[in-house]
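Enquirer: Provided herewith is a single structure, encoded as structure tokens, for subsequent inquiry.
Only the coordinates and a few stated rules stand behind these numbers; no lab work does. If you're wondering where the values come from, they're calculated on a predicted model, not measured in any experiment. Here the Cβ positions follow ideal geometry from the backbone for every residue, glycine too, while neighbour counts run over all protein chains shown.
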Amino acid sequence: MTTYSKDSMTSILWQPIDLGAIHLEHRLAMAPMTRARSTPKGVPTEMNATYYAQRASMAVIISEGTQPSEDGQGYPLTPGIFNSAQIEGWRGVTDAVHHAGGKFIIQLMHTGRIGHPLNTRHGRQPVAPSRVKPAGKMFTSVGTSEMPEPRALSAHEIKDTVRDHRRAASSAIEAGADGVEIHAANGYLIHQFLSSNANQRSDHYGGSIENRIRVALEVASGVAEEIGGDRTGIIISPGNPLNDIVEVDVEDLYLTLVRELSPFGLAYLNVAHRGDEELVHAIRRDWTSALLLNRNGADLETRINDIESGLADVITVGTQTLANPDLVTRIKLGASLNDADRSTFYGGDEKGYIDYPTLETI
């Protein structure tokens with residue numbers, strides 16, 4: 001078990017803040033984490049509801065990546081939010097979280113070229129900005145396989161994908177979510193459009209920075225128009241090479257994107273910090289509403305200092321929240337923390353999912 005020193009905790013962490021229309025009682029949020037425990041049809045289950053409700057003391061929970069369409073699925077047993085059964089499944093989750101006193105945001109994640117036909121019900125080839133095969137392998141029901149070459153989306157299909165995000169956002173609100181987060185990070189579809197290697201288009205969605213940020217802006221604008229900017233967030237990960245992404249103009253790209261997003265009145269910007277301190281500080285200066293920050297791999301003291309220094313308004317915590325359903329209580333009491341069991345991160349049953357002990361059960 002790791003420990004956290006209560007003496008280093010400062011009061012601003014526990015001050016309330018509004019993310020647009022979403023009121024938070026404090027500044028410690030649960031980061032989105034893929035757990036691959038939905039049904040094969042992408043329907044959230046009672047076990048998923050239990051998992052999230054256990055962690056409802058976090059200021060807000062951001063859900064695992066949730067596909068806005070059939071083509072948006074990359075991994076097996078991940079949830080969707082594009083049909084009635086999935087909406088009802090998520091309703092069970094949001095009801096459980098709200099009953100436990102929490103707030104809940106559904107993250108919309110289209111994986112683009114990071115997928116495999118074996119992982120989807122329709123068995124189609126993954127889609128992407130361009131016909132560029134990513135390096136690496138994908139886990140499937142029959143073991144790991146080479147990433148397939150994706151099919152390039154037509155301009156018309158891009159418009160359909162934007163509409164898919166709008167409909168999914170509406171469905172998320174129908175399911176009882178307090179808001180949605182658009183996934184534009186970690187090498188998935190919107191990030192692929194931003195990138196220099198995955199996007200080799202020659203139309204108005206490729207080439208210049210203005211063109212490469214177009215899909216991100218169209219999705220953000222569409223979702224904000226659909227459910228309100230004050231219930232819409234977006235996550236970015238500047239300079240993140242995950243899933244075979246190359247970005248050669250990181251600073252110009254992301255500062256332009258942030259400035260162009262500002263007029264939509266979004267509730268927040270979520271930044272997955274990859275180590276470029278100067279860029280994150282520049283984004284902080286340019287962004288006009290709440291900024292969430294996930295400093296990957298950092299200890300809690302370092303993360304909390306990001307709030308104290310004004311770099312972040314809210315910090316998001318992933319693995320430590322996964323392993324400590326009562327993380328808020330443990331921090332307040334200066335109690336020891338459970339260590340996460342990495343062997344149970346993806347797929348499986350209750351083990352490593354809803355059986356982590358709380359202080360009350362130790």
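Enquirer: Mind checking which of Ile12, Thr302, Ala53 is farthest towards the positive end of the chain's charge dipole, using Cβ charges of +1 (Lys, Arg) and -1 (Asp, Glu) about the Cα centre?
Expert: Farthest along the dipole direction, towards plus: Ala53.
Enquirer: Taking other Cβ within 10 Å of each residue's Cβ, how do Ile283, Ile307 sort, fewest first?
Expert: Ascending number of Cβ neighbours within 10 Å: Ile307, Ile283.
Enquirer: Got a sec? How would Leu333, Leu108, Leu28 order by Cβ neighbour count within 10 Å, fewest to most?
Expert: So the residues, fewest neighbours to most, are Leu333, Leu28, Leu108.
Enquirer: Taking the Cβ of each residue in His110, His122, His23 as the centre, tally the other Cβ atoms inside 10 Å and list the residues starting with the fewest.
Expert: Result, fewest neighbours first: His122, His23, His110.
Enquirer: Would you pull out the residues with amide H under 5 Å of Met33's amide H, same chain only if 5 or more places away, H placed 1.01 Å from N?
Expert: When sequence neighbours closer than 5 places are left aside, the close amide H contacts are Glu64, Gly65.
Enquirer: What order do you get for 250-256, 111-117 when each peptide is scored by the mean count of other beta carbon atoms within 10 Å, highest first?
Expert: Values: 250-256: 17.3, 111-117: 25.0.
With the highest mean Cβ count within 10 Å placed first, the list reads 111-117, 250-256.
Enquirer: Which cross-chain or sequence-distant (5 or more) residues have an amide H under 5 Å from the amide H of Met109, H modelled 1.01 Å from N in plane?
Expert: Thr66, Gln67
Enquirer: Sticking with this one: Run the reach check for Lys332 against aspartates and glutamates, Cα to Cα strictly under 15 Å, same-chain hits fewer than 8 apart removed. What comes back?
Expert: Asp7, Glu25, Glu301, Glu360
Enquirer: For region 6-344, give the magnitude of the charge dipole about the Cα centre (Cβ charges: +1 Lys/Arg, -1 Asp/Glu; no others), in debye to the nearest 20.
Expert: The calculation lands at about 780 debye.
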